[in-house]
1. Taking 0.36 nm per intervening residue step and subtracting the Cα-Cα distance, what contour gain separates ASN40 from GLU216 on full extension?
2. How would you rank 241-250, 93-102, 310-319, highest first, on the average number of other Cβ atoms within 10 Å across their residues?
3. Just to confirm my numbers, what's the Cα centroid distance between the stretch 256-327 and the stretch 14-48 in Å?
4. Return the calculated 222 nm mean residue ellipticity for the chain, to the nearest 500 deg cm²/dmol, obtained by summing -39500 (n - 2.57) across DSSP H runs with n ≥ 4 and dividing by the residue count.
5. Using the Kirkwood formula over every pair of different C-alpha atoms, what hydrodynamic radius in Å results for the stretch 1-115?
6. Among the lysines, which have Cα under 22 Å from the Cα of LYS176 when same-chain residues fewer than 8 positions away are ignored?
7. Once you have all Cα-Cα distances for the stretch 92-189, histogram them in 5 Å bins from zero and send the whole-percent values.
8. Can you give the Rg to Rh ratio of the stretch 68-351, both from alpha-carbon atoms, with Rh computed by the Kirkwood formula?
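Readers should treat all values here as calculations from the given coordinates under stated rules, not as data from a laboratory. Remember, it's a predicted structure, so these values are computed and weren't measured experimentally. Positions of Cβ are generated from backbone atoms using ideal geometry, with glycine treated the same way; all protein chains shown enter the neighbour counts.
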Amino acid sequence: MCWRRLPSGPVTLAAGGTRVEIDDAGEGPGAAVVGDLPPNSRLSLDVAWLGGKKRLRFKTLPSPPGELLYRFATVNDIHIGDRAFGMYRGMAEPPGTEPPFPWRCATAALQEAVEWGAESIVVKGDLTRAGRPREWASVGRLLASQPIPVDIILGNHDVQRTAPDARPLLAEHGIKVPIEPFFRDVPGLRLVFGHTAAQGARKGAIDEAQRRAVAELCAAADGPAFVALHHYLQRFRMTTMWPPGVPGPQADAFLDAIEAANPATIVATGHSHRHRRHSRHAIVTAEIGSTKDYPGTWAGYAVHEGGIRQVVRRVARPDAMAWTERTRRAMFGIWGYWSPGLRTHRCFTHVWPTRGER
Ligand SMILES: [Fe+2]
Ligand SMILES: [Fe+2]
């Protein structure tokens, strides 16, 4: 549960037999997890404070079929090195604010994902503002200090025309980013990493070699696959929103190749800094927002024998949320409505189709 402001004094949240006590939420926005709830249930959340109470109703997601096999989390667009957000007159923190907001949001997101039970982390590009060595030094320090394995793909900001090659800089921290598409097999799933960002290009591209290589990695999986990309997949050839993604014809050819290779595949992207879910035949595609601008999120995936559950969570640490709440007002307030998308696009259960079934 997230709030912009709670009444002062103690507040109790209660749902499905779980109670969470908040001593004093303070002035600003915050969040609390009311966990251990039964799946696929209509429940009420009772919020009680000194002199008042409120009942909110909600429904929990169904569990995917079969046993829980593995949990992992993704972050993207952490943009270490950014000092402002917004297209026109960017909003910024007072000069000298330390640590700056991208660092606060990224460190909090990773910490919260590990506490949630993620067994590995996937970082889907735009780790830096401009791919500068100083930014990579921070990124390397941040990711090398994680207690679980981390896999990375690069975004357009990381491979800007003037940026040096990130790979040797990351290798200094023990982080390897293969040039070709690569994979990691985990219980119940193959994680596949594709590259859509080319040096000096803002928009994404998936050429025939890339498409084939990713499809082959999906086809060779023992079971389902999860494909991580930086750029989102456009519906049309023309870009209809900022920033541009992978043009529609390339995107459709890619999804069709993935489906033919392994229909039990889900594709997750970043770059758009917003949340959307699309389907093309059997393949579900999920765009996930940035850690550092509204709503400021990471995604948790629960891998079961028969499907996968995606839950997008806001980065909850107060010093991160104080910033992300502020960025809601970007683009004359439109950003706050545009970026979150529908809850059903952020949080859903996907049951794997069997191979050969549409
Ligand atoms: Fe980005
Ligand atoms: Fe990007």
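1. Full-extension gain reported as 59.8 nm.
2. In decreasing order of mean packing, 241-250, 93-102, 310-319 become 310-319, 241-250, 93-102.
3. 23 Å
4. -6500 deg cm²/dmol
5. Kirkwood radius, the stretch 1-115: 17.5 Å.
6. Partners within reach: LYS124.
7. Once binned at 5 Å, the Cα pair distances of the stretch 92-189 give 2, 11, 21, 24, 20, 13, 6, 2, 1, 0.
8. 0.93
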